[in-house]
Each structure stands twice: as structure tokens, then as C-alpha cells.
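S.K.: Take this structure first; my questions come after.
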């Protein structure tokens, strides 16, 4: 039993890192632009399919490098054409827009690539467990965790030490003042959106290696990512990080003791956190730490 | 240039509301595919063209459309051409019911085909029975449709879960061992399939080390696989379908579990095997129909006809389901020279499919007692590659439907005909 527990906690942390990657992108966009991006799962799918399409030419590693920025470019176009005109309006407009966009992306991928799932093969040396005992820790999953850690570190450094990052953080606190100080808020939002979508695209490439690539795959990870944000606290990227890991572990543990509740446990966790700390674990309105 | 700055209008509550809306995302009904014309005999198809079963539903539609073309080319039904009206159930029971009502009440269809999802198939059978419309369930497998909830107007083309279980359990027991662990999708189809397998295993004297109930749409199976391996069974039986099956098999192979435990299951589909990388196409399964059979009359023409319409893709069991469902209606209506639902439903009892429709070696007929099609099980092994890029299954045995189906008395079906 102890072994089962340790295994599932470790496994939950691995799953959690994936939620973190998705949730960070969502969180960035939400914090600065007040857009609840329902199409985030859609961008994950786009990232995965782009990777699938270019893999025959550039290989898995090439796809890992190229697909996320390409997804970000698509995201940038979407932001410029569809989302930007809605910034001044009630946030429900952008919510509805991205909600509709999620359907359009799902059907669009089905139209372009077909409804049937696509096989994505990962390099053979990654597709193996590290040891007989710890069979669930495969090279690929470790690689995924490493990529997420690297990206998270990079993101935090970017936000803390670069001009863009400092402006994003400042904008999160008070966009009006930042704008008054001469910062081009439109560009800032676009870049921030692109970074968020880049993370979704990267999640898509990583997910395609482990899961089946098909048009609906984004829907399954969207909810846990939203829950990660809420549990961690809206406005706090560290909170999002913590929230992602926490729900990963919680659903892993539920699978041992109460398998039917492995999905519901995330919502229970969210409810409990909200009851005790209504702003989420590390949430402070308008703060990005 | 003026810059518009939005205030921080989002608080926790808005995010929560948004999150609630996100869960609705999976059940909302997005669009309708409809083919309208001016032809008089209308038949309706309700299938989940969006959602996790979109790929298999799409193949049912390809088969149904081919059947419509063939029927119309030969003079239609009672000399009138038929027209296929297609509705998307979006893999949601409420939507499926609503679309079926619309097809019957507004579009006046005289025949309904669908749904892939067992739960929706069951629900729309209630509607077709109430409206007295002949209905063929093309791809929903749960037992009760031709079991305890059977209806005078409802026939089924695909296998029951019990037939699926009966076709492979003996083989798995003798070849792989007697300790079984299950991964079961947590809804009607999974439950009845598990019950059937468990009952057979018990009869054979085997033991169950555990049953992992997984929600429909599970993407990460690692937690369940950790439990399954800890139980140390001889066989790990995978009962999920669609993308769940793909995710589960892909992870099993990456974890190397297939090198320690035999991995197998009951129903497997070409759509799933094609979505898997070659190394994950493993295990003993049953197919409900397969495009490669030696010396089956008319099979080559059917495969060629489908390939012409699908950029070279071969028909799957689902294509054949759609094809057979529509042809069934035309065949029986032309034979009986009527469109009266009750007369047609009665005539379909023990109705045998001709070779150009059944496309398999054994006798294939609708059983009178429970309205279940006695169709074969194609038992064999998945293969990473075969003689054709789409030849991913090695058929070892084609078992006749009346050998896998339990006797009518055991199905729990009692047909109540309208007075």
C-alpha cells in the first residue's frame, strides 16, 4: 500500500506538471488581458497537429522547436483580429468569443486532418520506462517534466528580469497607469497572448507524444487547467504552479482509494480551497508573483 | 492613437462561472450536417459527428451514404428515391433525443438509424417507439437495447456486449491465463461488457484481480495502470473505446506493461488501431467486421466503392454498420411493398441479409425474439503492419453470431407489440 501511495504521488506530480504548463498560459492571458481563454485547449490541439504534420520533415525534435512558435503566430493573429476589438468591452464578450472559437478550432482540425486520431511516434529511447520497478516513469514523461521545469524557470526569469516581463507584471497590477507611462499596451497584450499560446502549443506537442492526437483532446485538459488556476489563486503564477501539481496528486491518490472519484476530486479540492481561502491558495487580486 | 484599457473586471466568481461554462463545452451541440432534397422517402440518421466518437460516426455515415446511392441507382424504395437526413447527436443524450424528435416530427422521416453511443441509442429508442417509427441501432452495443429494454420497432446491427465477450473470453482464458484485471469505461456500455466478461470468467473458474472504472474521456491512465500492475494479473483487459482506448494502449506500451502482462480486450476497431503508433498495435481482440476476408463474395466491390469515396481509406466495421442499417430498410420495404413501420418490423423477424449486404461468410439474420442481428465476430490479433497500410488486424477465426449470442430467453427481452 505504501508503495502504491508513493507511486501515485510521484505519478500525480508528473501529471500535474502538464496541467501547470497549460494553466500558466491561461493564467498569463487572464491576468493581463482579462480574457478567459476557452480556446486554450483548441490551441493545444493546433500545436499537436502542426507537430504531427511537420514531423515527417523535421523529426520530433524539430517539431518540438517549430510547432509551438507557429501556434503562437496563429494565436497572435487571433488576438489581433478577433480578441483585440473586445478589450474595451465587458469581459463576457471575449469569453463568448473564445468559447465559440473552441468549437471552430475543434471542427476546423476535424475538417483539415479528419475525425480519426493520428498516430504520433516519439523517439524510441524516450518511449521506455526507466526501470522495471518505476515503470510509470518513462524517459518521455521525465523529459516532459524537464521541459516544463525549464519553461517555468524561463517564464519566471522573463517576468522578473526583462523589460517585457516587468511591463507585463506592472500591467497586471494597473494597466491604465502603465499605458499612461507610454507603454504600448496593445503590443504588450499581443506579446503576452502569444507567450500564453506558445505554452498551449508546447503542451500540444508534448501531449501528442503521450496521448492520442485527435480534435477533442483539448477539452479534457482545459478543465483541470482552470481548476489549477482557481485552486492556486487567480492572479498568482506561483499559485497556478502549486494548483496544477496539487490537482495532479489529488487525482492520482483518488485513483487508488476511490477510482470513480478521480475526476470529481479536483472539483472537491477546488470547493474546499475556496471555502477556506476564497481567493485561492496564493491569490491576491491583481497580483502576479 | 487612443488606447483602450479594460479594468480588472474578472474576479474569482467570473472565473468560476467560466469554468462552469467550460464543462458545458463538452455537451453543447455545435452544428448539423443535413442533406436535403425534394425526394419523398426520407430516412434519418442520428450519430455523434462531434465529440470522442466523431471518427466512427463519420464512417457509419460513409456506409449509409453509399447504401443510399446504391438503392437509388436501383430504383429506390417502392419506386421512390430515398433521401438521407443527417443529425449530430454531439455525443449527448438530450441533443440526440431532440434531434430524433425533430427528424420524426418536422422532417417526417419514416426510418431512423443511430446512435454510436449506447446511452443515446437507448434514449432515442424511447422516442422512436413512442412515435412508432422503425429504428435500427447501428452502433450502440449495450445489452439492454435488444435485452430487457427491447422494443418492437427497434433492431440492432452491431453486436451486444455479451456477444463480444462470448467471442473472446474462452480464447483469452486458455491462451493468456486465469487472473484478469479490467479497465472499464464508466458508463452503460462498459458496465454491461464488464459484467459479461466477468460472468464468463467465473464460469471458466478464473479470478478477477480488480476493475478500474474510468470516466469517459480519460486521457491519462497512469494511475489505473499503476493499480493494475500492482495486482499482478495474467491478463489486462481493456474495455474502453475510441480515444480512451488509444490513450490507454499508448501508455501501456510506453510503460512496458505489455512485456509483463498480456494485454487484450473484447471489441477493437480499425479506427483506434490506425490512431496508434505501430508499436502499440498489440493484443487479442474481436472486430465486428473486417475488410480483409478470403473469398467472401461482393467484398472486393464494397471495399472499392468505399475507397472511391474516402480518398482510398478502407471500410471499417462502422462503415459496414451504416451500410447495412440503410440497406435493411430498403430490402424489407421493397420485399413487403409497404412503409408501415409495424408491418416492416414484423417482417424483419428472422430476415436474412443477402450476400451483397452481409459481406461475411456465416449466415447473418435479425433474430425474431430480440431483434438482434446475428452477425459474426472476427477474432484475431492486432498487428503493427500487414500487407496493406490499413491491414492492422490478423483475423484468426470468424465466429457466427448465433454462436456468440445468448439464447433469446437469457436476454431478458419481451417484445410488446402495439395493439
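The values are calculated or read from the model by the stated rules, or taken from the named source; none is laboratory data. Here the structure is a predicted model, which is why all the values come from computation and not from measurement. Heads up, the Cβs are rebuilt from the backbone with ideal geometry, glycines too, and the neighbour counts pull from every protein chain shown.
S.K.: Which count do you get for residues in segment A:202-227 that are within 11 Å of chain B (Cβ to nearest Cβ) and either part of a helix (DSSP H, G or I) or over 28 Å from residue B:274 (Cα atoms) (or both)?
M.R.: Here the count works out to 15.
A quick yes/no check of all residues on (1) surrounded by fewer than 24 Cβ atoms within 10 Å (Cβ to Cβ); (2) within 20 Å of residue A:188 (Cβ to Cβ):
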{"site": "A:1", "(1), (2)": "yes, no"}
{"site": "A:7", "(1), (2)": "yes, no"}
{"site": "A:34", "(1), (2)": "yes, yes"}
{"site": "A:42", "(1), (2)": "no, no"}
{"site": "A:58", "(1), (2)": "yes, no"}
{"site": "A:82", "(1), (2)": "yes, yes"}
{"site": "A:95", "(1), (2)": "yes, no"}
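S.K.: Looking at the structure I just gave you, is residue B:363 on the phi < 0 side of the Ramachandran plot, in the same structural domain as residue B:147 (by TED's automatic domain parsing) and surrounded by 19 or more Cβ atoms within 10 Å (Cβ to Cβ)?
M.R.: Criteria not met by residue B:363.
S.K.: Restricting attention to segment B:214-270, which residues are more than 15 Å from residue A:134 (Cα to Cα), facing chain A (nearest Cβ under 7 Å) and at pLDDT 90 or above?
M.R.: Selection gives B:246, B:247, B:250.
S.K.: Taking segment A:264-278 only, how many residues are surrounded by 19 or more Cβ atoms within 10 Å (Cβ to Cβ) and either within 9 Å of another protein chain (Cβ to nearest Cβ) or modelled with pLDDT under 80 (or both)?
M.R.: Result for segment A:264-278: 1.
S.K.: Which of the residues spanning segment A:248-269 are under 17 Å from residue A:220 (Cβ atoms) and in contact (Cβ under 8 Å) with a residue 40 or more places away in the chain?
M.R.: A:248, A:250, A:251, A:252, A:255, A:266, A:267
S.K.: Taking the criterion of being more than 9 Å from chain B (Cβ to nearest Cβ), in a helix (DSSP H, G or I) and either crowded, with 17+ Cβ neighbours inside 10 Å or in contact with a helix residue (DSSP H, G or I) (Cβ under 7 Å, 6 or more places away or on another chain) (or both), would at least one residue in segment A:116-131 satisfy it?
M.R.: no
S.K.: I'd like the residue in segment B:230-256 that is surrounded by 20 or more Cβ atoms within 10 Å (Cβ to Cβ) and more than 27 Å from the chain's Cα centre (by Cα) and, out of all such residues, is farthest from residue B:56 (Cα to Cα).
M.R.: The qualifying residue farthest from residue B:56 (Cα to Cα) is B:233.
This table checks each residue for (1) without any contact (Cβ under 8 Å) to a residue 12 or more places away in the chain; (2) in a helix (DSSP H, G or I); (3) within 14 Å of the chain's Cα centre (by Cα).
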site: A:22; (1), (2), (3): no, yes, yes
site: A:26; (1), (2), (3): no, yes, yes
site: A:29; (1), (2), (3): no, yes, yes
site: A:36; (1), (2), (3): no, no, yes
site: A:41; (1), (2), (3): no, yes, yes
site: A:46; (1), (2), (3): no, yes, yes
site: A:50; (1), (2), (3): no, yes, no
site: A:54; (1), (2), (3): no, yes, no
site: A:59; (1), (2), (3): yes, yes, no
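S.K.: I need the strands (runs of 3 or more DSSP E) fully contained in segment B:149-258, keeping only those with at least 1 residues that are assigned by TED's automatic domain parsing to the domain that holds residue B:368 and touching a residue at least 24 places away in the same chain (Cβ under 8 Å).
M.R.: The qualifying strands (runs of 3 or more DSSP E) are B:154-156.
S.K.: Residues to consider are A:38, A:43; find the one that is at the interface with another protein chain (Cβ under 9 Å from one of its Cβ atoms), touching a helix residue (DSSP H, G or I) at 6+ places or on another chain (Cβ under 6 Å) and under 21 Å from residue A:193 (Cα atoms).
M.R.: A:38
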